[in-house]
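Here, each number is a calculation from the coordinates, and none is a lab measurement. Please read all numbers here as calculations on a predicted model, not as lab measurements. Counting neighbours? That spans all protein chains shown, and the Cβs are built from the backbone with ideal geometry, glycine included.
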Amino acid sequence: MPQINCPTSSWQRNIINGASEPKAMALLAIMTWSAVKQRRVYGIVTLAAVVLSALNMAAGILTAVGAVSTGLPSGLGFNLHIVGTTRGWAAIHNDGARFVRRDFFWSGIETKKGVYHFGLYNKEVKGMEARGLRPIFILDYGNPLYPPPETTVAGRDAYARWAAASAAHFKGKHVIWEIWNEPNVGFWRHAKGGLNSPHFADEYVALLTKTVTAMRAANPHCYILGGAVSCLWSGSFRWVREAFKRGLLQTDINALSVHPYGFTRPETEINAHQPGAVSGQGYSTLREMMAQYHRANFPVVATEVGYPTGHGVTLQDQADLSVRQYLVDEMCNVPLTVLYNWDSRQAGGFAIRGRLVYKALKVMTAQLNGYHYVRRLHVGTKLDYVIEFQKANGHRRIIAWTVPKDRDASQSRAVAHEAEIPVGTTADLAKVENIYGKQVAALAVGGRVTVRLTAAPIYVDLAGH
C-alpha cells in the first residue's frame, strides 16, 4: 500500500497562510471527500493519511487562487548585487522566480543622524511590484555614524530605529525583511569570540530582539526573517543552539532563514539516512533542535544557496543541482528557495542568468506551477529520488533523478540506469520530459512507466490520473 507521507507543519502552514478557520474547515471537508474518491488510485488508506492528503490539496487551492499573498512566502527567488536598476526584473519573472533578495544598506540610507533617504529602494520596489516580484531586503550592516550594532547598546538602538523607519516607510509593499546576513560567521564584525561562538549568538539575539520589537511597533504586520545562518553543519549548529537558548525563536519573527551551503549535493541536507549524508547535519538536525525549544513546526525558509561552476562542477551540474535544491527544499517543508546568484557581479561561477541553469529553472517552475509536494515513492535504490507532486484538481506529476554513491563524487559519477515508476494510471497517458522540457522516450506498460534516470531530473506528467 503506498504511503502518503506529506510533510506537515502547524495546520498546514496555518491552513495555508491565513484562511479563516471556517473557510479552512470547509475546504478540508471538500478535499477529504475528494481524497477518499481517489481510493481507486491509492487503494484503501487510513483516515489520517486521507486528511493529510486533503490538507495538501487544500493548500494547493488556496495558493492557486492567491488566498493570502503576504503569508508564508513560497516559491523560487534569486539573490542579486545589482544596485539601483530595474533592468532584469522581466527576465527574473519569466524564469518563474517571484522573489528578489538583495542588500539594504543602512550606511547609504542614513547619512545624517535621524534622516532616512529611501529613493534608490523606492524605485526598486516599484519596479519589482510592476513585475510581480516580492523584495527580500537584508537589513545590513553597520553605519559609521554610530558605534557597531553587533556589540554596543547605542549601535543596536540606532539600528533598530532605522529598521523601524524602513518597515514603516514600505508599509503595504509586502517587503520581507531579513535581519542581518550570516551573523554566525564573518559578516558579524567587531565581536568577541570567533565564528559560530556563543558570543556571536548572544549579541545577535540581543540585536534581533530589540529590532523586531521596534519594527512591530512601526508596522505590526511586516514580515521579518531572523537567523540567516550560514551552513547547516556541526559548526553552524553550535551557534544555532546558543541562539535558540537565548530565545531567537521567541522574538516574534515570522520565519527562520537558513543558507544551506557546504553540501556537495542537496539530497544530503535531508537527513543522515541519505546516501553520503553525515549525522548531525542538514534539515532534520535543525528540526530536532527546534523541537527542543518547542518550535518544531516553526517556518523555515532558505534565503541563500547556490552551486558555482568550476572545480569539477560543469554548467550542466549547476543546472541539475539547482533544480534538485528546490525539490529537496519542497521535500523538507522549506517553501522558499532563493538561489545565489542572478548575475555574475560579485558572484563569479554562481551566476544563473544566461546559463543552462536559467532554462532548467524556467522549465521546473512551469512544470510545478500549481502543484504541491505529496510524497517520495520508494522506487529502485536509496540513490534514486522519485517524488510526487499534485494539483488541487488531482493532476499528478512525478519528478525523478539519481545521485552518485559517494558523498563528494562529481555528478558525472551518478550511474544512469532504467527504473520502473508505478503511476497507477493508463500507461499511454504518461508524458516524460527532460530537465529542459524536451520530450524523451519512455516505456509505459501496465500502470508503470520505465524511464532512464540520471543526475538531471525528469518530469513525468500523469494527465490527472
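For segment 75-369, take the convex hull of the Cα atoms, compute a quarter of its surface area, and give me that in nm², please.
Projected area, direction-averaged: 14.5 nm².
R376 versus D252, label points 7 Å from Cα toward the beta carbon: distance in nm?
So the label points at R376 and D252 sit 3.9 nm apart.
So how do Y261, Y436 line up by other beta-carbon neighbours within 10 Å, fewest first?
Lowest count first: Y436, Y261.
Find how much the distance from T152 to L315 grows on full extension, using 0.36 nm per residue of separation minus their present alpha carbon separation; answer in nm with one decimal.
This chain segment gains 54.2 nm when fully extended.
Go from 0 up to the bin containing the longest alpha carbon distance in segment 238-286, width 10 Å each, and give me the % of pairs per bin.
So the P(r) values, bin by bin, are 23, 44, 27, 5.
In terms of modelled amide H atoms, which long-range or inter-chain residues lie less than 5 Å from the amide H of V449?
I421, V423
Beyond 18 Å, what percent of the Cα pairs of segment 371-465 remain?
43 percent
Once you charge only the Cβ atoms, +1 for Lys and Arg and -1 for Asp and Glu, what is the size of the charge dipole of segment 75-369 about its Cα centre, to the nearest 20 debye?
Around 680 debye, computed over segment 75-369.
Would you mind giving the average projected area, over all directions, of the Cα convex hull of segment 139-227 in nm² with one decimal?
5.1 nm²
With a cut-off of 12 Å, note down the residues of segment 123-140 whose backbone N falls inside the zone around a label point 7 Å from the Cα of H93 toward its beta carbon.
Answer for this model: 126-134.
For A366 and H174, FRET efficiency with R0 = 25 Å and r from the beta-carbon atoms, rounded to 0.05?
0.60
For labels at A291 and L120 in the simple 7 Å Cα→Cβ model, what's the distance in nm?
Distance between label points: 4.5 nm.
Report the rotationally averaged projected area of segment 172-301 based on its alpha-carbon convex hull, in square nanometres.
Its average projected convex-hull area is 8.3 nm².
Over segment 101-178, what portion of Cα pair distances is larger than 16 Å, expressed as a whole percent?
Of all Cα-Cα distances in segment 101-178, 48 percent exceed 16 Å.
For K126, go through the lysines and keep the ones whose alpha-carbon is under 27 Å away, minus same-chain ones fewer than eight residues off.
List returned: K112, K113, K171, K173, K359, K362.
How large is ³J(HN,Hα) for each residue in segment 213-228, as worked out from phi by the Karplus curve 6.51 cos²θ - 1.76 cosθ + 1.60 (θ = phi - 60°), to whole Hz, x for Gly and Pro?
Whole-Hz 3J(HN,Hα) from phi for segment 213-228: 4, 5, 5, 5, 5, 7, 8, x, 9, 5, 9, 10, 10, x, x, 6.
Work out the FRET efficiency for K113 and F187 from their Cβ-Cβ distance, taking R0 = 30 Å, and round it to the nearest 0.05.
Efficiency at R0 = 30 Å is approximately 0.80.
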